[in-house]
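Down below is the structure, laid out as structure tokens.
Bear in mind these aren't lab numbers, they're just calculated from the coordinates by the rules spelled out. As the structure is a computational prediction, the values presented were derived from the model and not from experiment. Here the Cβ positions follow ideal geometry from the backbone for every residue, glycine too, while neighbour counts run over all protein chains shown.
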Ligand code: PAF
């Protein structure tokens with residue numbers, strides 16, 4: 001496994017790739033089984049697999065969230081070695097954003113609501129870093145988790161609009177036994193919060209059944225939100241949206257996605273169904 005930390009080392013690693021096609025898994029580290037599912041998909045897609053580990057400062061709207069983002073480099077590299085990843089790109093900030101870097105990639109459409117409305121500049125930070133990763137690594141495929149459903153739609157939109165020569169693969173959410181979606185931030189839940197955290201997906205599952213049975217979207221959304229709030233969650237949003245455009249629905253349809261973001265203490269949980 002090649003570990004590249006500088007642009008020079010990355011150039012050298014790219015030479016070793018020769019004419020093999022490359023599947024990239026962009027990450028911010030603190031790797032868990034969810035990321036490993038992305039790596040496995042990448043390995044099925046192309047003979048050369050790369051994982052990037054970069055905690056991207058420009059996608060955090062809260063400096064405190066950036067500062068406390070878990071960093072577990074040694075364990076991450078061990079996991080990637082076990083999976084026989086070919087290349088790990090683990091740059092310093094200066095390699096991703098050299099002095100004078102002044103470009104931002106802004107996607108409209110699916111980025112505008114939900115996370116985009118609540119976390120100012122977040123998706124701009126994501127689209128910018130992902131564009132630069134694509135430009136540096138030139139992958140034929142890139143894998144993203146469906147856990148960040150809106151992020152996946154924003155990246156799909158960007159790739160389509162800019163005709164970027166990369167195929168975007170969405171990989172289903174990996175869950176704990178009780179249904180909680182795996183996330184690097186789950187480690188910050190206290191025992192009491194952890195025992196309630198799966199209520200988020202359980203509530204979405206019940207809401208989906210009600211919506212498929214034809215119940216009114218606004219009423220189901222309100223009932224689900226009230227239930228979560230009674231159980232100690234502070235809900236940012238819980239909504240039925242069109243799965244690609246991320247526009248709110250007032251009538252349920254098969255391409256709908258139920259999305260939710262809610263705080264449990266200091267941890268913000270994100271899920272979708
Ligand atoms: O989903 C993530 O971990 C990040 O948003 C990504 C795609 C690696 C960009 O920094």
Point to revise | Percent RCO, i.e. relative contact order, over the chain, from Cα pairs under 8 Å lying at least 6 residues apart | key: 18 percent
Check your understanding: Over the chain, how many percent of alpha carbon pairs lie in each 5 Å bin up to the one with the longest distance?
Key -> 1, 6, 12, 16, 19, 17, 13, 9, 5, 2, 1, 0
Revision key, fill the gap. Summing -39500 (n - 2.57) over every DSSP H run of at least 4 residues in the chain and dividing by its residue count gives a helix-only mean residue ellipticity at 222 nm, to the nearest 500 deg cm²/dmol, of -12000 deg cm²/dmol
Practice item. Tell me the label-point distance for the pair residue 92, residue 20, using the 7 Å Cα-to-Cβ offset, in nm and rounded to one decimal. Key: 2.9 nm
Revision key, fill the gap. Rg from C-alpha atoms of the range 77-191, normalised by the globular rule of thumb 2.2 N^0.38 Å, equals 1.19
Practice item. Once you've got the GNM for the chain with C-alpha springs shorter than 10 Å, pick whichever of 200, 24, 79 has the biggest mean-square fluctuation. Key: 79
Study note, to complete from the structure: Burial-style ranking of 230-241, 215-226, average other-beta-carbon count within 10 Å with highest first, yields 230-241, 215-226
Review point. What full-extension length gain, to one decimal in nm, is calculated for residue 263 and residue 6 as 0.36 nm per residue of separation minus the Cα-Cα distance?
Key: 88.8 nm
Review point. How far, in degrees from 0 to 90, does helix 73-82 lean away from the longest principal axis of the Cα atoms of the chain, to the nearest 10?
Key: 80 degrees
Review point. Over the range 129-273, what is the mean sequence separation of C-alpha contacts under 8 Å (at least six apart), divided by residue count, expressed as relative contact order in percent?
Key: 21 percent
Point to revise | Alpha-carbon centroid distance for the pair the range 1-34 / the range 62-135, whole angstrom | key: 14 Å
Review point. How big is the range 36-102 by Rg and Dmax over its Cα atoms, in Å?
Key: 14.2, 39
Exercise for review: Arrange 111, 266 by Cβ neighbour counts within 10 Å, fewest through most, would you?
Suggested key: 266, 111
Exercise for review: Round to the nearest 10 and give me the degree value, 0 to 90, for the angle of helix 149-161's Cα axis relative to the longest principal axis of the chain.
Suggested key: 50 degrees
